[in-house]
Amino acid sequence: MKFSLFYVLESPDRDFRRAYEEMLSQVEIAESLGFDGVWLAEHHGSAYGSMPSPQVAAAAVAARTTRIRIGIAVSNLTLAWPVRIAEDFAMVDVISGGRLDFGVGRGYQPHEFRAMGVADKQDVSREVFEEAFQIVTGLWTKAVGEPYTFHGKHFQIDGVDCRPAPLQQPTPPIYVASISPETFDLVADHGHNMLVTPTLMTLPELNGFVVGAKRTLMNRGRDPLSLDFPMNWQIHLADDDTQAVRQARPSLEWYFDNVMSAVPQGAATPAGYERYAALAEAAAEGAMSLTGLREGGICYVGEPDGLIREIEILREETGLDHLICWMRFGGMPHDDVVRSMELLAEHVIPHFADAPPLVPRALRHEEPTQTDKFFEIEFDDEGEVHELSRG
């Protein structure tokens, strides 16, 4: 099982230099502690996050590390020219020695669309995202020096090259962020991975979503163990629950106050973002207090043994095999973050070091519904894969 870190890099005190240095220091520590990767998020123009260019941050991480994977969660493909995105992240892959994991999404915060000059695109953000995604992957998979042309509804590109090409061929691993089934086409048809998080849904909702996604992919001919479904989870560990709650409360509640003020809501909610408006309504009713967040499984705050139990449940219910740990949330003090990382590395990571991949419990005895089955799976009594063959 893999464990990574995650950064939006909120800076409540606006001391951006300190925030960047803390992140880079924590990433160096994470590599020494045995974490597998770090994931970086793109956000613009608010207290919610201070990493407008994750490609710049990724290059800095590459210079300070030698082993860990460098993930992007995510590059917002609706906010920038896709040729630039392809060039920047190909360069990161080369500089890092082929350590890039490329996550993509379409964004959701209206002020970011306005700030980046594409407010008129939010209602059609899925169309823009799909075209931009096609352009980025097209530029990466063509031969260097071969001109690339794309004519779509939102982008017109003629005879463009991308230099450098990514070191990982045909592309770096690609992850698609989603809380909706519409991304299944990208995942199922192209073998991409899927990023999920309970930040915008309760943990039981997320579990159902992941199982449903894997069931759909099985029925469309995908091996459920062939795809990476990392879960990004806000986590704070301390030596006991009382200490963990005391340390995490101000940072978590600050974070959720800010994110709920940034999501689309009210009568002006753009088409396709209705779920965010419902979340904002729930937050106004008190669901985003630390007590409510813990009860909904939206975060884990406590001691390491409790986290081990929760991960064991998630593995059984969803087949979780990659946990992205969001530990520096809401400007959490550096020393508290580092201690939380150390506890996870000391107690949690070793517990799952040899944990094999699992298919979700609900899917272990299901057969794909399509007539032409692509694979057949047999399980042992523990739910681990006993045999995998293609039909």
What are the residue pairs meeting all of these: first residue in region 76-105, first residue aromatic (F, W, Y), second residue open to solvent by less than 30 Å² (accessible area, probe 1.4 Å) and assigned to a helix (DSSP H, G or I), Cβ atoms under 7 Å, and 6 or more apart or on different chains?
F102/F89
Any idea which of (1) closer than 25 Å to E310 by Cα; (2) crowded, with 19+ Cβ neighbours inside 10 Å; (3) at pLDDT below 85 is the one T202 doesn't satisfy?
(2)
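Mind checking whether some residue in region 226-246 is over 28 Å from R294 (Cα atoms), under 18 Å from the mean Cα position of the chain (by Cα) and open to solvent by 10 Å² or more (accessible area, probe 1.4 Å)? It would help to see each step written out before you state the result.
Keep residues of region 226-246 that are over 28 Å from R294 (Cα atoms), which gives 226-227.
From what's left, under 18 Å from the mean Cα position of the chain (by Cα): 226-227.
Within this subset, residues satisfying the condition of being open to solvent by 10 Å² or more (accessible area, probe 1.4 Å) are 226-227.
Checking region 226-246: at least one residue is over 28 Å from R294 (Cα atoms), under 18 Å from the mean Cα position of the chain (by Cα) and open to solvent by 10 Å² or more (accessible area, probe 1.4 Å).
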L320 being over 22 Å from N219 (Cβ atoms), modelled with pLDDT of 95 or more and aliphatic (A, V, I, L, M)
no
Looking at (1) touching a residue at least 12 places away in the same chain (Cβ under 8 Å); (2) part of a helix (DSSP H, G or I); (3) in contact with an Asp or Glu (Cβ under 9 Å, 6 or more places away or on another chain), which is the one condition that is false for M51?
(2)
So the check is Cβ under 8 Å with 6+ separation or different chains; which pairs have a first residue in region 1-25 that's over 12 Å from V61 (Cβ atoms) and a second one that's assigned to a loop (DSSP other than H, G, I, E, B) and open to solvent by 60 Å² or more (accessible area, probe 1.4 Å)?
M1/A353
Can you confirm whether region 263-278 contains a residue that is modelled with pLDDT under 85, within 19 Å of A177 (Cβ to Cβ), among the hydroxyl-bearing types (S, T, Y) and part of a helix (DSSP H, G or I)?
yes
Just one of (1) in contact with a His (Cβ under 9 Å, 6 or more places away or on another chain); (2) closer than 30 Å to Q122 by Cα; (3) open to solvent by 10 Å² or more (accessible area, probe 1.4 Å) trips up V8, so point out which.
(3)
Of everything in region 63-74 that's outside any loop (DSSP other than H, G, I, E, B) and open to solvent by 10 Å² or more (accessible area, probe 1.4 Å), which residue is farthest from Q26 (Cα to Cα)?
V74
First in region 110-128 and without any contact (Cβ under 8 Å) to a residue 40 or more places away in the chain and at negative phi, second anywhere and of a type in the set (A, V, I, L, M, F, W, C) and surrounded by 19 or more Cβ atoms within 10 Å (Cβ to Cβ), Cβ under 8 Å, 6 or more apart
F113/L79; A119/F113
Single unsatisfied condition, L307 versus (1) at pLDDT 60 or above; (2) more than 14 Å from T202 (Cα to Cα); (3) open to solvent by 10 Å² or more (accessible area, probe 1.4 Å); (4) under 23 Å from the mean Cα position of the chain (by Cα):
(3)
Just the residues that are small (G, A, S), more than 20 Å from D189 (Cβ to Cβ) and free of Cβ contacts under 8 Å to residues at least 60 places away in the same chain, please, taken from region 147-177.
G159
Helices (runs of 4 or more DSSP H) contained entirely in region 75-174, each with at least 3 residues that are out of contact with any Asp or Glu (no Cβ under 9 Å at 6 or more places or on another chain) and surrounded by 17 or more Cβ atoms within 10 Å (Cβ to Cβ)
82-95, 125-141
Residue among G34, G49 that is of a type in the set (G, A, S), under 23 Å from H334 (Cα atoms) and open to solvent by less than 10 Å² (accessible area, probe 1.4 Å)
G49
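The values are calculated or read from the model by the stated rules, or taken from the named source; none is laboratory data. Bear in mind the structure is a predicted one, so any value in this text is a computation, not a measurement. For neighbour counting, all protein chains shown are included, and Cβ atoms are generated from backbone atoms with ideal geometry for every residue, glycine included. Areas reflect the complete protein model, heavy atoms only, side chains present, ligands, DNA and RNA absent. Shrake-Rupley method; radii C 1.70, N 1.55, O 1.52, S 1.80 Å.
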